[in-house]
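The structure under discussion appears below in the form of structure tokens.
The values are calculated or read from the model by the stated rules, or taken from the named source; none is laboratory data. No experiment lies behind these values; they were computed from the predicted model shown. We place every Cβ from the backbone using ideal geometry, glycine too, and count neighbours over all the protein chains shown.
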Amino acid sequence: MSLKIAVLGTGDSNVQETSIPDAIRDVASSDIEPVLLPVPGSVFPSTPAAREKAVQAYLAAGIAAEKAGYDAVYVNTVGDYGLEELRQSIKIPVAGSGSAAIRAATLISPKYSIVTLWPPAMKFIYEHVLGAADVERTPRKIHFMSEDNDLATMGQDDNLITGMQACQYVPMQTVKKVCHDALKDDGVDTIMLGCTCMADMKPILEKDGLPVIEPMREGYKMAEELLRLSL
């Protein structure tokens, strides 16, 4: 019987999906099965209070995954909701995309910046993850590519997330330009993408010569690594 990793979250917040994202399939090993699980009660973390609700929802989902016999848990969101709490509450390995990407960025280069599709109002999410990651090297700068008033669309059919997926809020050419400008103006040589909803952009940006760290893939690879170390 193959080992199984519980994947919490699609990488697109509350988007309802049943299949594993392609970015995870890109890096998944043949002897470990990633299984996408729902996160009942999770909300969009637009405020610190909403983030705490998401934390509790991911915590409950991770505890349920351990009880269901999964061998590891992967929190598939840069916000790493419930990551610290899960590591204190369950015995199986737990990885999060945010902390994994930050560690990968700091290992690859002492100089990196974050480019995210989220607006400046979400800065508190990154501050929390960076603090919890406990790394010496923090990003030179975080580039936010949408506006705070875009958050008002959440809850609508055509919202910030669906717009991001269709490149309606931030066209791909703009993403490329911001990444290139960050390399030049920030004095960095690596770009960390700041949202798992940007996972499909990785090959496009790399074709444009951009050195990027993509959180969804990095987090899942860490989940597999932690699982193998625990055997």
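Hey, which of the helices (runs of 4 or more DSSP H) in region 142-231, taking only ones fully inside, have at least 2 residues that are modelled with pLDDT of 85 or more?
On the way: elements: 160-165, 172-185, 202-207, 215-230.
Answer list for region 142-231: 172-185, 202-207, 215-230.
So which of 58, 81 ends up being hydroxyl-bearing (Ser, Thr, Tyr), assigned to a helix (DSSP H, G or I) and either touching a helix residue (DSSP H, G or I) at 6+ places or on another chain (Cβ under 8 Å) or without any contact (Cβ under 8 Å) to a residue 24 or more places away in the chain (or both)?
One residue alone meets the criteria, 58.
Could you please find all residues in region 119-141 being at pLDDT 90 or above and farther than 16 Å from residue 100 by Cβ?
Answer for region 119-141, where residues must be at pLDDT 90 or above and farther than 16 Å from residue 100 by Cβ: 119, 120, 121, 122, 123, 124, 127, 140, 141.
Residues are listed down the side, and each one gets a yes or a no for (1) closer than 17 Å to residue 227 by Cα; (2) in contact with a helix residue (DSSP H, G or I) (Cβ under 6 Å, 6 or more places away or on another chain); (3) at pLDDT 95 or above; (4) not in a strand (DSSP E or B):
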| site | (1), (2), (3), (4) |
| --- | --- |
| 20 | no, no, no, yes |
| 43 | no, yes, no, yes |
| 51 | no, no, yes, yes |
| 91 | yes, no, yes, yes |
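Confirm whether residue 74 is under 20 Å from residue 34 (Cβ atoms), modelled with pLDDT of 95 or more, within 14 Å of the chain's Cα centre (by Cα) and among the hydroxyl-bearing types (Ser, Thr, Tyr).
Values: under 20 Å from residue 34 (Cβ atoms): yes; modelled with pLDDT of 95 or more: yes; within 14 Å of the chain's Cα centre (by Cα): yes; among the hydroxyl-bearing types (Ser, Thr, Tyr): yes.
Answer is yes for this residue.
Is it the case that region 63-78 has a residue that's in a loop (DSSP other than H, G, I, E, B), of a type in the set (Ser, Thr, Tyr), out of contact with any helix residue (DSSP H, G or I) (no Cβ under 9 Å at 6 or more places or on another chain) and closer than 28 Å to residue 186 by Cα?
no
Please verify whether region 45-53 includes one or more residues that are of a type in the set (A, V, I, L, M), in contact (Cβ under 8 Å) with a residue 24 or more places away in the chain and more than 11 Å from residue 7 (Cα to Cα).
No, that holds for no residue.
Taking residue 28, is it of a type in the set (A, V, I, L, M), within 15 Å of residue 216 (Cβ to Cβ) and surrounded by fewer than 24 Cβ atoms within 10 Å (Cβ to Cβ)?
yes
What number of residues within region 126-147 are closer than 16 Å to residue 109 by Cβ and of a type in the set (Asp, Glu)?
The number of residues fulfilling the criteria is 1.
Out of the residues in region 93-111 meeting the condition of being over 15 Å from the mean Cα position of the chain (by Cα) and at pLDDT below 95, tell me which one is surrounded by the most Cβ atoms within 10 Å (Cβ to Cβ).
Taking region 93-111 as the starting set, the residues that turn out to be over 15 Å from the mean Cα position of the chain (by Cα) are 93, 106-111.
If we keep only those that are at pLDDT below 95 too, we end up with 106-111.
Details: 106: 20, 107: 11, 108: 14, 109: 16, 110: 13, 111: 16.
Filtering first and then ranking leaves 106.
Answer yes or no: is there a residue in region 32-43 that is of a type in the set (Ser, Thr, Tyr) and either under 18 Å from the mean Cα position of the chain (by Cα) or outside the structural domain of residue 223 (by TED's automatic domain parsing) (or both).
Within region 32-43 (the criterion being of a type in the set (Ser, Thr, Tyr) and either under 18 Å from the mean Cα position of the chain (by Cα) or outside the structural domain of residue 223 (by TED's automatic domain parsing) (or both)), the answer is yes, since at least one residue qualifies.
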